[in-house]
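Read-outs throughout are calculated quantities, based only on the coordinates presented, and are distinct from any laboratory measurement. All of these numbers come straight from a predicted model, not from anything done at the bench. Ideal geometry is used to build each Cβ from the backbone, glycine not excepted, and the neighbour counts take in all protein chains shown.
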Amino acid sequence: MFPTHRMRRLRTHPRLRDMVRETSLTPNDFILPLFVRCGENQRIPISSMPGHDQMTLDHLPAEIAEIESLGIPAVILFGLPETKDDVGSDAFNDDGIIQRALRTIKATGSGLLVMTDVCFCEYTDHGHCGIINERHGLLDVDNDATLPMLVQEAVSHARAGADVIAPSGMMDGMIGALRHGLDEAEFENLPILSYAAKYSSAFYGPFREAADSAPQFGDRRTYQMDPANGREALREVALDLAEGADMLMVKPALSYLDVIHRVKTAHPDVPLAAYNVSGEFAMVKAAAERGWVDEQRIALEILTSIKRAGADMILTYFAKDASRWLS
Ligand code: PBG
């Protein structure tokens with residue numbers, strides 16, 4: 001007996017394979033994270049993220065020009081301030097590192113979309129994502145005291161020229177507070193990309209070196225999500241949409257493809273981003289360095305899988321290389 005249905009027929013010709021491909025990956029899908037720091041004429045390599053540096057502002061114009069020439073539409077900025085304190089003052093200082101980076105990029109006349117991460121962990125000396133207060137004998141991030149600080153930070157980013165703000169602190173009521181605060185400051189057209197389902201993940205390890213943002217005590221489990229929870233992501237997402245989020249994010253991406261799929265299925269009309277985080281990048285780099293995997297093929301396969309799961313855009317440290325490979 002011959003098989004009645006032959007799936008292999010559509011796999012015979014390379015052009016036919018191209019034509020029946022369901023998921024496409026292009027540089028237009030990527031958002032590249034950049035780490036900016038104070039100082040002059042420095043690019044300090046991030047050891048656990050080969051190819052990525054903390055760069056001073058004078059390096060930004062050339063970097064931005066290169067990113068644009070590769071067809072990447074957007075960057076997201078992370079800042080390393082000159083000094084940290086208990087409330088993370090640099091985050092809402094109009095002359096803070098992010099604010100200066102925004103003005104530097106905008107002064108180049110570049111048409112690149114510039115997003116900013118709105119959070120406190122890079123700016124506080126304790127490394128947590130908000131104000132720490134003692135309640136009932138326990139030190140923890142004070143949710144409601146952190147909200148107005150996040151608003152100050154976002155409005156300061158907006159004034160410096162941010163095109164999209166991306167709050168990542170996982171505070172309750174964060175999106176509502178930010179939307180209201182931005183509207184009051186007449187930034188009613190500034191979109192919010194919410195890190196809606198952000199997990200308390202070991203995959204952020206290399207980033208914490210990159211952004212010098214490791215918590216100095218405890219961990220982030222009282223505000224970021226438990227990796228064991230999938231349904232809870234839908235509650236987080238529904239709240240953020242009700243509070244005014246324009247776009248959603250799932251983070252990390254690779255161990256959370258099911259969450260990406262669930263969020264896209266529940267809200268097919270809302271643009272969805274996924275963050276292919278530092279640990280996911282570092283694992284591929286390390287294995288490729290040993291010759292254990294083919295970096296290009298594996299990176300493109302990972303990025304394609306994130307899109308196939310339902311992401312419309314991907315924050316990824318592979319953005320520049322992947323754009324070169326795809327061209
Ligand atoms: C800040 C923030 C983190 C990442 C993005 N924004 C770190 C964290 O929550 O500890 C991680 C990104 C990555 O690992 O690539 N809140």
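Structure summary
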read-out: Spin-label zone in segment 140-171 - amide nitrogen under 11 Å from a point set 7 Å from the Cα of Ser200 along the C-beta vector; value: none
read-out: Rg followed by Dmax, in Å, when the chain is reduced to its Cα trace; value: 20.3, 76
read-out: Net dipole in debye of segment 22-326 [+1 Lys, Arg Cβ; -1 Asp, Glu Cβ; about Cα centre; nearest 20]; value: 840
read-out: Over 18 Å [Cα-Cα, segment 244-296], rounded percent; value: 45
read-out: Over segment 139-221 - Rg/Rh using Cα atoms and the Kirkwood inverse-distance radius; value: 0.99
read-out: Proxy reagent accessibility, fewest Cβ within 10 Å first, across Glu243, Glu289; value: Glu289, Glu243
read-out: Entries of Lys198/Lys320; Lys84/Lys307; Lys84/Lys264 with Cα pairs more than 28 Å apart; value: Lys84/Lys307; Lys84/Lys264
read-out: Where labels lie 7 Å past Cα in the beta-carbon direction, separation of Asp58 and Ala145 in nm; value: 4.1
read-out: Cβ-based exposure ranking for Trp325, Trp292, in which fewest neighbours within 10 Å come first; value: Trp292, Trp325
read-out: Which of His5, His128 has the fewest Cβ neighbours within 10 Å, and the rest in rising order; value: His5, His128
read-out: Whether segment 219-311 is rounded, prolate or oblate, judged on the alpha carbon gyration tensor where a/c under 1.5 counts as rounded; value: prolate
read-out: Mean residue ellipticity (222 nm) of the chain, computed from DSSP H runs ≥ 4 via -39,500 (n - 2.57), nearest 500; value: -11000 deg cm²/dmol
read-out: Relative frequency of Cα-Cα separations exceeding 24 Å in segment 26-151, percent; value: 34
read-out: Scaled radius of gyration (Cα, divided by 2.2 N^0.38 Å) that segment 134-289 gives; value: 1.08
